[in-house]
Amino acid sequence: MSQHIQMTVNDQQVGPVEVPEGLKMIEFLHEYLNLTGTKFGCGAGVCHACTVIVEGKNGVSEVVRTCISGVERFVDKKVRTVEGHAKRNAAGEITELTPVQMAFLEHFSFQCGWCTSGFINETTALMERLAQAPVAAADVEQVIEEALKEHICRCTGYVKYYQGVKDLILNTKGLTY
């Protein structure tokens, strides 16, 4: 059996495309769209390396794990993968990284990089939520812990990711009070 799906991925309309029923979103990203930045880690939704952003109609983004979510969950939705963040020129070359990407680079947050796409997407969604509902500066560490606590990194021990996010939030106008 197959199904026809369509969605927007990284501001590009996709579909309608015929795919097998039960196809996981991570397989669709990798095999149909050649977007391999979203990583397959555990396959059980535990490590969060496969996290993408789904933009809500109300302006609130949610993060979704693609290794446990069927492609049908994303029909008619706007999806952002890690490839959709940096600005590119007409030739497709990266010309500018986002503040989240820069913060992780500046703090040497990753080593092998397998978990990085999940951390970037989760942090980007967190920044968007904070832009709509700022928090007290004193609560930033707790907010970061809540947002990133389920992400698994086997290389860095998390400190550099968390410090990068903390510095970014505290230095971005409008996210704290």
Hz values of 3J(HN,Hα) by residue in region 58-67 - Karplus curve (6.51, -1.76, 1.60), Gly and Pro given as x: 8, x, 9, 8, 10, 9, 9, 7, 8, 6
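For the chain, what does the accessible surface come to per residue with a 1.4 Å probe? Please give it in Å². Please list the in-between numbers first.
Numbers: 9380 Å² over 177 residues.
Accessible area per residue, the chain: 53 Å².
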For VAL9, residues with placed amide H under 5 Å, excluding near neighbours: VAL14, VAL79
Computed [θ] at 222 nm, deg cm²/dmol, the chain (DSSP H ≥ 4; -39,500 (n - 2.57); rounded to nearest 500): -8000 deg cm²/dmol
In Hz, Karplus ³J(HN,Hα) per residue of region 142-154 (6.51, -1.76, 1.60; θ = phi - 60°; x = Gly, Pro): 5, 5, 5, 4, 5, 6, 9, 4, 8, 7, 10, 10, 9
Simple spin-label estimate for GLU18 and LEU105 in nanometres, 7 Å along Cα-Cβ: 4.3
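Please tell me which of these pairs span more than 28 angstrom C-alpha to C-alpha: LYS77/LYS160; LYS39/LYS87; LYS78/LYS160; LYS24/LYS57; LYS87/LYS166? Write down the numbers at each step before the final one.
Working: LYS77/LYS160 32 Å; LYS39/LYS87 21 Å; LYS78/LYS160 30 Å; LYS24/LYS57 23 Å; LYS87/LYS166 23 Å.
Listed pairs above 28 Å: LYS77/LYS160; LYS78/LYS160.
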Under 18 Å from the Cα of LYS173 - aspartates and glutamates, other chains or at least 8 residues apart: GLU128, ASP139, GLU141
Nitroxide proxy distance, nm - points 7 Å out along Cα→Cβ at LYS57 and ASN34: 3.4
Karplus-derived 3J(HN,Hα), 6.51/-1.76/1.60, for each residue of region 41-52, Hz, glycine and proline x: x, 9, x, 10, x, 8, 7, 6, 5, 8, 5, 10
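Keeping the other protein chains in place, figure out the carbon and sulfur percent of the accessible area of region 1-157, with a 1.4 Å probe. Each step should come with its number before you reach the end.
Numbers: 4170 of 8170 Å².
Here it works out to 51 percent.
The values are calculated or read from the model by the stated rules, or taken from the named source; none is laboratory data. Everything numeric here is computed off the predicted structure, so don't read it as measured data. Positions of Cβ are generated from backbone atoms using ideal geometry, with glycine treated the same way; all protein chains shown enter the neighbour counts. Ligands, DNA and RNA are stripped out before the accessible areas are found, and what is left, the full protein with its side chains, is counted by its heavy atoms. Shrake-Rupley method; radii C 1.70, N 1.55, O 1.52, S 1.80 Å.
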